[in-house]
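Accompanying notes for the structure given below.
Where a number appears in this text, it was derived from the coordinates with a stated rule and is not lab data. Quick caveat: nothing in here was measured; it's all calculated off a predicted structure. Cβ placement follows ideal geometry from the backbone for every residue including glycine, while neighbour counts extend to all protein chains displayed.
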C-alpha cells in the first residue's frame with residue numbers, strides 16, 4: 001500500500017514540485033493551499049493530485065483539514081511543511097501585523113500541522129516530517145527580520161522534534177533552499193537577477209524547484225531512516241554552515 005503524503009503550499013512553486021515528485025515516487029499525495037482556488041484547480045486537473053484549502057496559521061483549520069485528508073486517503077505518514085509567506089520591510093518600517101503574519105504562518109504553521117499528525121505517527125512507529133526552511137533562516141537577510149526569524153525557528157523546531165521522534169521511527173529534517181527559479185523569484189526584474197542575485201551564487205544560476213523536490217523524496221524514503229535532525233542546504237554554494 002502506498003504511503004500517504006501531505007504537502008502544505010503544495011500546489012505552487014517548490015511545493016508543487018515536491019507534490020509531483022512524491023506522486024512520481026509512488027506516494028498518495030494531498031496538496032494543501034491557502035487561497036488561489038484557480039491555481040489549485042488547475043494543478044489538480046494537470047496532475048491528478050487532490051488539493052485541500054485551509055490556512056496553516058489556524059490550528060483548528062489544520063486539524064479539520066488533516067482529518068479530511070485522512071478520511072479521503074488514509075493516515076498521513078509523510079508531512080512536508082512547505083507553506084510560507086513574506087511580508088518584507090526594513091525593520092524600522094515593519095508593522096506588528098507584518099511580523100505576526102509571517103511568524104504565524106512560517107513558524108507556528110509547523111506546530112499547527114505537525115501536532116495533529118504526531119500521535120498517529122508515534123502509534124504507527126513511522127513518520128517523516130520535512131520542513132522547508134530557507135537560506136535566509138541560516139544567514140539572515142535585510143528587510144526580512146520576520147521571515148529570517150521564522151525560518152531560523154523552523155530549524156530549532158526540527159532539531160528538538162527529531163530527538164522526540166527518533167525512538168518512534170519518526171525522522172524530522174529540514175531543507176534550506178537558496179534562490180530557486182519559482183514564479184515569485186523569476187518575477188524579479190532581469191537586471192536585478194543578473195547583476196545582484198546570480199553573482200552571489202557560485203554555481204552561477206538559480207536552483208530549480210525539482211532539485212529541492214528530489215531532496216524531499218529522498219528524506220521521505222526508507223533509505224533516509226538514519227537521517228534525522230539534519231539541515232540540508234541547497235543554495236548553489238551561496239552560504240555554508
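Length gained on full extension, residue 37 to residue 210: 60.0 nm, using 0.36 nm per residue less the C-alpha separation. How far apart, in nm, are the 7 Å Cα→Cβ label points at residue 111 and residue 183? Output for this residue pair reads 3.1 nm.
Report D for the chain in µm² per second (integer): Stokes-Einstein, Kirkwood Rh on Cα pairs, 10 °C, 1.306 mPa s.
D = 88 µm²/s.
How far is helix 59-73 tilted, in degrees, relative to the longest principal axis of the Cα atoms in the chain, given as a value from 0 to 90 rounded to the nearest 10? Helix 59-73 sits at roughly 50 degrees to that axis. Taking the C-alpha atoms only, the angle from helix 37-47 to the longest principal axis of the chain is near 60 degrees.
Sorted ascending by nearby beta carbons within 10 Å, beginning with the fewest, 241, 7 become 241, 7. Compared with the dominant Cα axis of the chain, that is its longest principal axis, helix 209-220 is turned about 40°. Using Cα centres only, tell me the gap between the range 160-227 and the range 28-64 in whole Å. Cα centres, the range 160-227 to the range 28-64: 21 Å. The orientation-averaged shadow of the Cα convex hull for the range 11-109, equal to a quarter of the hull surface, comes to 6.9 nm².
If I take R0 = 22 Å and measure r between the Cβ atoms of residue 101 and residue 67 in this structure, what FRET efficiency does the formula 1/(1 + (r/R0)^6) give, to the nearest 0.05? Please report the intermediate quantities before stating the final value.
Working: r = 25 Å, r/R0 = 1.15.
Between residue 101 and residue 67 the formula returns 0.30.
Springs between alpha-carbon pairs under 10 angstrom, Gaussian network model over the chain: which of 156, 178, 165 fluctuates most? Answer for the Gaussian network model of the chain: 156.
Counted residue by residue at 0.36 nm each, then reduced by the alpha carbon distance between them, the extension gain from residue 93 to residue 200 reaches 35.9 nm. Cut-off 10 angstrom, C-alpha nodes, Gaussian network model of the chain. Which of 15, 140, 229 fluctuates the most? Its mean-square fluctuation being the largest, the pick is 140.
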